[in-house]
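One structure is given here, and the rest of the page talks about it.
Bear in mind that the values in this text are calculations on the coordinates, not laboratory data. As the structure is a prediction and not an experimental result, all values here were calculated from the model. Note that each Cβ is placed from the backbone with ideal geometry, even for glycine, and that neighbours are counted across all protein chains shown.
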2 protein chains.
Amino acid sequence: MDNADLRRAGLKVTVPRLKILEILESAEPHHLSAEDVYRKLMESDESIGLATVYRVLTQFEGAGLVERHNFDDGRAVYELASDDHHDHMVDVDSGRVMEFFDERIERLQREIAREHGFELVEHTMVLYVRKAKS
Amino acid sequence: MDNADLRRAGLKVTVPRLKILEILESAEPHHLSAEDVYRKLMESDESIGLATVYRVLTQFEGAGLVERHNFDDGRAVYELASDDHHDHMVDVDSGRVMEFFDERIERLQREIAREHGFELVEHTMVLYVRKAKS
DNA sequence: ATGAATGCAAAAACTTTGCATGACG
DNA sequence: CGTCATGCAAAGTTTTTGCATTCAT
């Protein structure tokens with residue numbers, strides 16, 4: 001029920017928004033840059049402007065439908081906001097991005113924030129890794 | 001002995017490189033964008049091109065002299081690589097960036113990588129926090 | 001002297017904006 | 001129908017590159 005998701009976010013239901021939502025849902029890997037989304041739209045023979053892609057992604061982010069991350073190569077990537085928070089692990093050799101969740105990290109982060117007199121609002125964590133030598 | 005640092009990195013000792021190194025050393029806060037560095041150079045009446053700033057920062061990064069981070073606003077910031085690794089905490093209300101180090105986190109990250117069959121090369125972690133309500 | 005480094009300007013990459021047209025509710 | 005959304009093109013940002021000149025060793 002993507003329609004409902006959009007309405008709930010106060011956004012009109014339009015073809016571009018539905019298509020982009022659909023692309024984000026079926027994306028593998030989950031992380032797409034605006035260009036990635038645009039390219040996939042082209043492949044599906046949709047004539048949707050790149051500007052619209054940016055606008056829609058930004059709106060989606062504002063509405064909490066997607067999350068925006070900045071990996072260390074400097075371009076923004078978007079990913080559908082699922083309820084299950086997770087962090088990222090990047091294989092520096094292959095560039096492959098993996099997702100993982102570790103409760104110990106989550107707990108520790110909240111604790112560290114507290115120890116400094118703050119409360120944790122959110123966090124980003126990316127582990128750059130390499131296959132362990134066998 | 002910045003001279004030695006540069007030579008050790010295989011870089012010729014030039015005015016731009018020395019000046020930029022100096023700026024990074026005395027920077028408060030530690031994190032400067034290329035523009036920030038450029039602006040400070042202008043203030044010191046140095047006529048060094050912005051392109052050179054980018055080139056030098058990139059070289060420094062390659063040489064391990066500085067670290068590059070991408071905070072969530074999308075522009076790259078550079079910071080002198082000190083031996084003491086640390087992570088960052090950003091106060092979402094004030095925008096203030098703080099540094100901290102926590103061995104428990106470091107250890108846990110290595111452990112998580114290992115559990116997934118990888119070895120940790122490096123990592124970035126930013127905690128977005130807010131002052132705890134009193 | 002010779003290769004590396006610089007400055008400038010031009011270009012590339014990424015993202016945002018203005019405006020007229022078209023679509024949603 | 002009124003407004004909001006879109007497409008296109010133009011402009012903004014940030015970063016990179018080409019090339020002639022200058023500098024370090």
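Give me B:V56, A:V15 ranked fewest to most by other Cβ atoms within 10 Å of their Cβ, as a rough exposure proxy. Please list the in-between numbers first.
Numbers: B:V56 23, A:V15 9.
Lowest to highest Cβ neighbour count: A:V15, B:V56.
Between copies, B:S94 shows label-point distances of 4.4 nm, shortest first, with the point placed 7 angstrom from Cα along Cα to C-beta.
Over chain B, the Kirkwood radius and the radius of gyration, each from Cα atoms, give a ratio Rg/Rh of 1.02.
Enter the mean projected area of the convex hull around the alpha-carbon atoms of the protein assembly as shown, in nm², rounded to one decimal. Before the final figure, lay out each step's value.
Working: hull surface 73.4 nm².
About 18.3 nm², averaged over all directions.
From other protein chains only, count the Cβ atoms within 10 Å of every residue's Cβ in B:113-121, then give the mean.
Numbers: counts 7, 2, 2, 9, 4, 11, 5, 6, 8.
Mean partner-chain Cβ count within 10 Å for B:113-121: 6.
For chain A, the antiparallel share of DSSP beta bridges with both residues in that region comes to about 75%. Label-point distances for B:Y54 to the equivalent site in the other copies, using a point 7 angstrom along Cα→C-beta, read 1.7 nm when ranked shortest first.
Relative to the longest principal axis of chain A, what angle (0 to 90°, nearest 10) does the C-alpha long axis of helix A:50-62 take? Taking Cα atoms only, the helix is inclined about 50 degrees.
The long axis of helix B:15-26 is offset from the longest Cα principal axis of chain B by roughly 40 degrees.
The long axis of helix A:103-115 is offset from the longest Cα principal axis of chain A by roughly 70 degrees.
For each of A:H85, B:H123, A:H30, count neighbouring Cβ atoms within 10 Å of the residue's Cβ, then give the residues from fewest to most.
If I rank by nearby Cβ atoms, fewest first, I get A:H85, A:H30, B:H123.
Starting from the label point of A:P16 at 7 Å along Cα→Cβ, the same points in the other copies fall at 4.0 nm, in ascending order. Percent relative contact order of chain A, based on C-alpha pairs within less than 8 angstrom and at least six residues apart? The value is 17 percent. For A:V66, the residues 5 or more places off, or on other chains, whose built amide H falls under 5 Å of its own are A:E61, A:A81. Taken residue by residue and averaged, Cβ atoms of other chains lying within 10 Å of the Cβ of B:32-45 number 0. Taking other Cβ atoms within 10 Å as a rough exposure proxy, B:I48, A:I20 sort from fewest to most as B:I48, A:I20. Roughly what % antiparallel, to the nearest 5, for the DSSP beta bridges in the protein assembly as shown? Percent antiparallel among DSSP bridges in the protein assembly as shown is about 80.
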